[in-house]
Amino acid sequence: MAVAAEPSDEDLAARAAGADEPAFEALVARYQARVYRLARRLTQDDGDAQDALQETFLQVHRKLSSFRGESRFSTWLYRVATNAALMQRRSRARRPAEPLDAYAPRFDVYGEHAATPEELLAASAVDERLDRKRLAEKALDGLARLPDLYREAFVLRDLEELETAEVAEILGLEPAAVRQRVHRARLLLRGYLGALAERES
Amino acid sequence: MRSDLKCASGIELLADYLEGLLAKDVSADIETHVAGCPRCTAFIASYRDTPRILRDATAVTLPPDLEASLLDFLRSRRS
């Protein structure tokens, strides 16, 4: 039981703000993998994710003295990282992605599902129908084709698994708006995965 | 009990239902509908699987060379 407690993020942040470089590098070591993964999910590109990773910690270093501890350090860091990734994504000219609208659920005039139960369940089997590499490519493609507003909320809530309240704080939204955007994203991506699974069967 | 709950209106409530945010009677309406609706049962299963599938498919680790170049980059900008 005599294990020394790891310093908290907030302790490290306070030391780093006072030009304690090892404390800053300890924060980098603690969060770099999560920031890279987040940036890749938001930009769908390895190079953009790398640039956003560098930019994030550069800004963290510059802005640490203004971090007042109103949020948790991790929430503040996620906000810096999300903004860096979005700037990076916007800075690169892209082919316009075909939107996922066609994959929204369809209903008949009675408000009942137009698809069969088998068709409706197809998305659940997509990871058995596609090999890992292809599914990884298609997953990034699906994220790229989401509306921007839905993508940010979905990535933070469902892929990074942050609480709705924390996502709301990061994006400057009400929790209800986060839930709504995440729900819309899930509906579109569920349909998209289902179509992929059916095409490969 | 509401008799007008259809697949389409139930799905609008799905995210809030899964987070336990709905009033008890509304949740009960959804459960009654879903119990008799194989389409909604299938839809909800795939809706719930969607985040996990995409999370697994986009999980990456930081390449070691990137880790090293990040540290070099940050040190060069601070010196």
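Quick notes
- Flag for residue B:54 being facing chain A (nearest Cβ under 10 Å) and not in a helix (DSSP H, G or I): no
- Complete set of residues in segment A:160-180 that are without any contact (Cβ under 8 Å) to a residue 60 or more places away in the chain and crowded, with 23+ Cβ neighbours inside 10 Å: A:167, A:178
- Test: residue B:29 is at the interface with another protein chain (Cβ under 7 Å from one of its Cβ atoms) and either closer than 15 Å to residue A:190 by Cα or assigned to a helix (DSSP H, G or I) (or both): no
- Test: residue in segment B:34-49 that is within 19 Å of residue A:48 (Cα to Cα), part of a loop (DSSP other than H, G, I, E, B) and at pLDDT 95 or above: no
- Scope segment A:1-27; condition out of contact with any Leu (no Cβ under 7 Å at 6 or more places or on another chain), of a type in the set (A, V, I, L, M) and either under 23 Å from residue A:65 (Cβ atoms) or assigned to a helix (DSSP H, G or I) (or both); matching residues: A:14, A:19
Let's see how each residue does on (1) touching a residue at least 60 places away in the same chain (Cβ under 8 Å); (2) more than 30 Å from residue B:11 (Cα to Cα):
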{"site": "A:48", "(1), (2)": "no, yes"}
{"site": "A:56", "(1), (2)": "no, yes"}
{"site": "A:63", "(1), (2)": "no, yes"}
{"site": "A:74", "(1), (2)": "yes, yes"}
{"site": "A:82", "(1), (2)": "yes, no"}
{"site": "A:95", "(1), (2)": "no, yes"}
{"site": "A:101", "(1), (2)": "yes, no"}
{"site": "A:117", "(1), (2)": "no, no"}
{"site": "A:122", "(1), (2)": "yes, no"}
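- The number of residues in segment A:33-53 being within 25 Å of residue A:11 (Cα to Cα) and surrounded by fewer than 19 Cβ atoms within 10 Å (Cβ to Cβ) comes to 2.
- In the set (1) closer than 23 Å to residue B:7 by Cα; (2) more than 9 Å from chain B (Cβ to nearest Cβ); (3) at pLDDT 95 or above; (4) more than 12 Å from the chain's Cα centre (by Cα), the condition left unmet by residue A:198 is number (3).
- Residues that are more than 8 Å from chain A (Cβ to nearest Cβ), surrounded by 15 or more Cβ atoms within 10 Å (Cβ to Cβ) and aliphatic (A, V, I, L, M), drawn from segment B:32-51: B:34, B:44
- For segment A:163-187, residues that are out of contact with any Lys or Arg (no Cβ under 8 Å at 6 or more places or on another chain), within 21 Å of residue B:46 (Cα to Cα) and among the aliphatic types (A, V, I, L, M) total 1.
- Annotation: residue B:8 fulfils all but one of (1) exposed (fewer than 14 other Cβ atoms within 10 Å of the Cβ); (2) facing chain A (nearest Cβ under 7 Å); the unmet one is (1).
- Test: residue B:77 is more than 10 Å from chain A (Cβ to nearest Cβ) and at pLDDT below 95: no
The values are calculated or read from the model by the stated rules, or taken from the named source; none is laboratory data. What you are looking at is a predicted structure, and each value in this text was computed from that prediction instead of being measured. FYI the Cβ positions are ideal-geometry reconstructions off the backbone, even for glycines, and counts take in every protein chain you see.
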